[in-house]
Amino acid sequence: PRDPDSGLLVDASGFAFPCAPGQLDAALALPVIEVAPDAEGAKPVVSGQRVQNPQYDRGMALRATACAVSPDSAGWIDTIRQSREWAMEMTSREGLSATFGVGDQERQMEDLVSIIDHARVSGQPVASVNLIPRKHIPVRMKDDSAPRTVTVEDPEPAAAPQKTSSPSRRESDLKQLLN
């Protein structure tokens, strides 16, 4: 990655080409899509040919999702790779490592953006996050401390409504539905 002698750039239509010396500075700002040459269905990445690797396609799809959810993500994504058959890993330029499933990536990306925004506001840098679960997302902080917890008080129970002599049909229907 980011080696002008052995790495390749890929244009918008998927063709690989070597990095010209005049493009090196611009290329350093691009994310790296790491692919395994022995991945199932993969053909060798050759300069002048279209990249035919399912891991590349999944990496580009994750990058597109990131750019759709957060337009500034193109500047903070460092590397995308398929870490397992069922998972993708994205690292940021600040060192955050995020694990995504191969499906439901829009929700996962929205969760990541929310976590990053919250971490910036609270001053708690995140080292890694696993975005695959829908709830109880595991997050590891950079300083290995537990995230700060916030206690939320239970709301006061609402006062019971005054009973009238005969409930309306709507009230009895709602009561039956809720029970």
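Please treat every number below as a calculation from the coordinates, not as lab data. Keep in mind it's a predicted model, so treat the numbers as computed, not measured. Every residue, glycine among them, receives a Cβ derived from its backbone with ideal geometry; neighbour counts consider all protein chains shown.
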Each label sits 7 Å from Cα toward the beta-carbon; between Arg107 and Ala64 the label points are separated, in nm, by 2.1
Of all C-alpha pairs within segment 86-125, those more than 14 angstrom apart amount in percent to 50
Given a Förster distance of 45 Å, the FRET efficiency implied by the Cβ-Cβ spacing of Arg170 and Glu34, rounded to the nearest 0.05, works out to 0.15
Calc'd 3J(HN,Hα), segment 24-35, phi into Karplus 6.51 cos²θ - 1.76 cosθ + 1.60 (θ = phi - 60°), Hz, glycine/Pro = x, comes to 4, 4, 5, 5, 5, 7, 7, x, 9, 9, 8, 10
Taking every C-alpha to C-alpha distance in segment 1-102 and binning by 10 Å from 0, the per-bin percentages run 15, 48, 34, 3
Note: probe point = Cα of Arg84 + 7 Å toward Cβ; backbone nitrogen < 18 Å; residues of segment 38-71 passing the test are 40, 55, 59
Filtering GluC sites (Glu not before Pro) in segment 10-93 by DSSP loop and by at most 11 other Cβ atoms within 10 Å leaves Glu40, Glu85
